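Reviewing the structure listed below.
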Amino acid sequence: MLNTLTANSVHLWHLYLAPERFPPAHYWSSLSSDEQQRAQKFINEPLRTRFILARGLLRFLLSTYLQESPQRLQFAYTDKGKPYLPAAAHLHFNLSHSQNQALYAIARHPVGVDIECLRDQLRYEQLTRLVLSEQEQASWENRPPAERQRSFFRVWTRKEALLKAGGKGLAGNMRQLTVPLSAYTVALHHYFTPIDPHPWALYDVKLPEQAKAVACLVCAKIPDTLVYKVLKNP
């Protein structure tokens, strides 16, 4: 599969972390000892299962590109916790999962991705002061109430994907960034000089309506090919 991943393309994989489709026991054996230790720290079984599947399926996907067994992949981590493969520095990837959905980005240049399920029970109004800049807050408050939930999650995914692409993770301050609230795919450049002078490109990911989720992809360059795939069977 690596030969289909050109220097200027991005592959997006979207899937549901369903134990009946992806048996956790099968993927448990592919995890490293430190990943297994992290999984065991989850007291909540559904959260533990989602972690096992998210990491196990990441290994499965990467192994198909590298023609290597999932168990043999050795991850290292940046000081901000972003995983990478020292033995395959040419392959960049990023993972995000929310509730029972996961989204993976794989490319030959740095990428960041985020997916957030729309959750009515989440009191997102209280989170705006942590996520939105002053400019965004004013714009958000002027939007019709029916649009505010999706607008908030749209900004959240754009910022988190950007911070992950730049290797900042959640250590970055979302309020230092200002992105559009509009619902369209955008390519942004030096909006993001507070965290990195690199001209990142940002794209909203159009998910199926039944997903009831918002997602964003950030790339180190504008891709000439963006391939969206749904993983149904490993």
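Summary of values
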quantity	calculated
Filtered residue count, segment 131-146, keeping only those that are touching a helix residue (DSSP H, G or I) at 6+ places or on another chain (Cβ under 7 Å) and either free of Cβ contacts under 8 Å to residues at least 24 places away in the same chain or within 27 Å of residue 94 (Cβ to Cβ) (or both)	6
Candidate set: segment 140-156, residues that are surrounded by 13 or more Cβ atoms within 10 Å (Cβ to Cβ) and out of contact with any strand residue (DSSP E or B) (no Cβ under 7 Å at 6 or more places or on another chain); chosen: the one farthest from residue 115 (Cα to Cα)	143
Top-ranked residue of segment 214-231 - restricted to ones that are touching a His at 6+ places or on another chain (Cβ under 9 Å) and buried (at least 19 other Cβ atoms within 10 Å of the Cβ), ranked as modelled with the highest pLDDT	215
Hey, residue 143 part of a loop (DSSP other than H, G, I, E, B) and within 21 Å of residue 213 (Cα to Cα) or not	yes
Residue check, residue 116 closer than 28 Å to residue 204 by Cβ, of a type in the set (D, E, K, R), assigned to a helix (DSSP H, G or I) and at pLDDT below 95	no
Any chance residue 191 is modelled with pLDDT under 75, in a helix (DSSP H, G or I), over 16 Å from the mean Cα position of the chain (by Cα) and of a type outside the set (Lys, Arg)	yes
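The values are calculated or read from the model by the stated rules, or taken from the named source; none is laboratory data. For clarity, every value in this text was computed on a predicted model and none was experimentally measured. Ideal geometry is used to build each Cβ from the backbone, glycine not excepted, and the neighbour counts take in all protein chains shown.
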